[in-house]
1. Looking at region 15-47, which of the residues that are of a type in the set (A, V, I, L, M) and either open to solvent by 10 Å² or more (accessible area, probe 1.4 Å) or in contact with a helix residue (DSSP H, G or I) (Cβ under 7 Å, 6 or more places away or on another chain) (or both) is nearest to S451 (Cα to Cα)?
2. Mind listing whichever residues of region 84-105 are at pLDDT 90 or above and more than 22 Å from the chain's Cα centre (by Cα)?
3. Checking the condition more than 20 Å from E260 (Cα to Cα), touching a strand residue (DSSP E or B) at 6+ places or on another chain (Cβ under 8 Å) and of a type outside the set (V, I, T), which residue from P193, P209 passes?
4. Any chance region 82-97 includes a residue that's open to solvent by 50 Å² or more (accessible area, probe 1.4 Å) and among the polar types (S, T, N, Q)?
5. What about A61, is it crowded, with 20+ Cβ neighbours inside 10 Å and in contact with a helix residue (DSSP H, G or I) (Cβ under 6 Å, 6 or more places away or on another chain)?
6. So which residues in region 162-207 are charged (D, E, K, R) and either free of Cβ contacts under 8 Å to residues at least 60 places away in the same chain or open to solvent by 60 Å² or more (accessible area, probe 1.4 Å) (or both)?
7. Residues of region 144-161 being assigned to a helix (DSSP H, G or I) and either over 20 Å from E113 (Cβ atoms) or open to solvent by 40 Å² or more (accessible area, probe 1.4 Å) (or both), which ones?
8. State yes or no: is R27 among the charged types (D, E, K, R), in contact with a Phe, Trp or Tyr (Cβ under 9 Å, 6 or more places away or on another chain) and under 28 Å from H456 (Cα atoms)?
Amino acid sequence: MKIRPSKGLTFEDVLLVPRRSPIQSRRDVDTSTRLTDGIRLNIPVISANMDTVTEAKMAIAMARSGGIGILHRFMTIEQQVRQVRQVKRAQGFIVEAPYTIPQSASVMEAAEEMRLRQVGGLLVVDASGKLAGIVTRRDLLLAPAGFQRLEEVMTPRARLVTAAPGISREEARALLYQHRLEKLPVVDENNQPRGLITAQDVASPTHNPLATLDGREHLRVGAAIGVSASELERAAALLAAGADVLVLDIAHGHADHCIEMVKTLRRQFPAAQLIAGNVATREGARELAEAGANAIKVGIGPGSICTTRIVTGFGVPQLTAIMDSVAGVRDSGRDIPVIGDGGIQKAGDLVKALAAGAETVMIGSLFAGTEEAPGSPVIRDGQKVKVVRGMASLGATMGRREAERGHDESAESAEDWAKVVPEGVEAVVPYRGGVAEVLTQLVGGLRSGLSYGGAHNLRELQENAEFIEITPAGIHESGSHDVRKL
Ligand code: XMP
């Protein structure tokens, strides 16, 4: 048995000491960073792979704002793959494999297909797969009552403006504008559909200058996988669907089976970007880095819905965990980033995590209350709230078991429930509107923080950082105090 000589610190235990600053305006700073050694982000924020936080809608919003979302893994491989595809289709100047529907389909079938696929239009094809027309949600809305066949409501091929593969963004923009179109099918010389260009996709880079895009101008997205051997199949399917990064998501990442899985993934998918975690120690970070991860996720128990430290007695306060893990990565000789996962509630926490050496942070409960998180808001005690649950909470664990073995009420006894040892809780958080607004506050705080730290960018913030430990009186003084809040 041994006891460490130094205390473990977390965000509230410290402040950053202000420095002389060359920054004149918050606009003069650069918040870009590395998610992995192969992927850059314009803002250092990731939405957590939790089932109350990140599905496709959140991942789209996060990437549009310059961060990235990691799709949780508590769904079938097919469902997760569908979500990756949904993100990839959400934006990009050309949708490369647009959804099609046979010309012989009915109007009702087209409406159902659009609802299922969550798209506003479908290319209509004839029996040999050639483009026969296009049908959009507007056509279905405005079609005279009694029209039942798709052919009656679609815009037929003869009246369609189309583009050839290889069209540039500017050419597409000009065509869409000239004909006041919303959708422009791309067809090859045999009239086979090769893509779809939408007005919104052509225009969107102007609206989202910070968006996180892949080489084809599609939004980037990450997806979580587990540690069992069968998860290799999930990894392969996710990568084939276009996932930009895999997150090997294990509560205790400094474990033999996790290190082995990183090595296996590295061997089987040498080009894949792979984040591994979670760890909270120098040795843990070093070993995952040596095994071949492209970034290390750090945090054992700092999360708002986590009870791991209470239930098991294990954990490391998050600021210390980040600093130790950064040192561990350095020990490995690899130049890969650390992700601070959990415990971020305020912009100041984000600044401290980055100053401590993390290059991004992962956020769960703060985003669970936003519009883009799965689930609808409910009213509780007169306040609009949304649900958040730890992925090791009782409800999430039982839900997962049910999904794995299929719903069988007879098999689910009270005893089963009693055997679960949860390491997380289920809770509600205030409804917070769109995630972009929450990000504006976080990134605004970060920009101010860079100016207090005399830093033009996150690297300088880390280099310049001097932390000062504070007392409970200092913590009290740091918040608003001795006034009655309006
Ligand atoms: P925040 O504080 O942003 O933290 O809500 C999100 C992170 O918490 C972790 N997580 C858990 N940890 N039991 C735990 O000990 C759980 O049930 C649990 N669910 C999520 C996870 O790392 C997430 O990103």
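1. In this case the residue turns out to be I23.
2. If the condition is that a residue be at pLDDT 90 or above and more than 22 Å from the chain's Cα centre (by Cα), then Y99, T100, I101, P102, Q103, S104, A105 are the ones that fit.
3. Exactly one residue qualifies, and that residue is P193.
4. Yes, region 82-97 contains at least one residue that is open to solvent by 50 Å² or more (accessible area, probe 1.4 Å) and among the polar types (S, T, N, Q).
5. Here the answer is yes, as A61 does meet what is asked.
6. Within region 162-207, E170, E171, R173, R180, E182, D188, E189, R194 qualify.
7. E151, E152, R157, A158, R159 - these are the residues of region 144-161 that are assigned to a helix (DSSP H, G or I) and either over 20 Å from E113 (Cβ atoms) or open to solvent by 40 Å² or more (accessible area, probe 1.4 Å) (or both).
8. no
The values are calculated or read from the model by the stated rules, or taken from the named source; none is laboratory data. These numbers were taken from a predicted model, which means no experiment stands behind them. Every residue, glycine as well, gets a Cβ built from its backbone with ideal geometry; the counts of neighbours run over all protein chains shown. Ligands, DNA and RNA are excluded from the accessible area calculation, which covers all protein heavy atoms including side chains. Shrake-Rupley method; radii C 1.70, N 1.55, O 1.52, S 1.80 Å.
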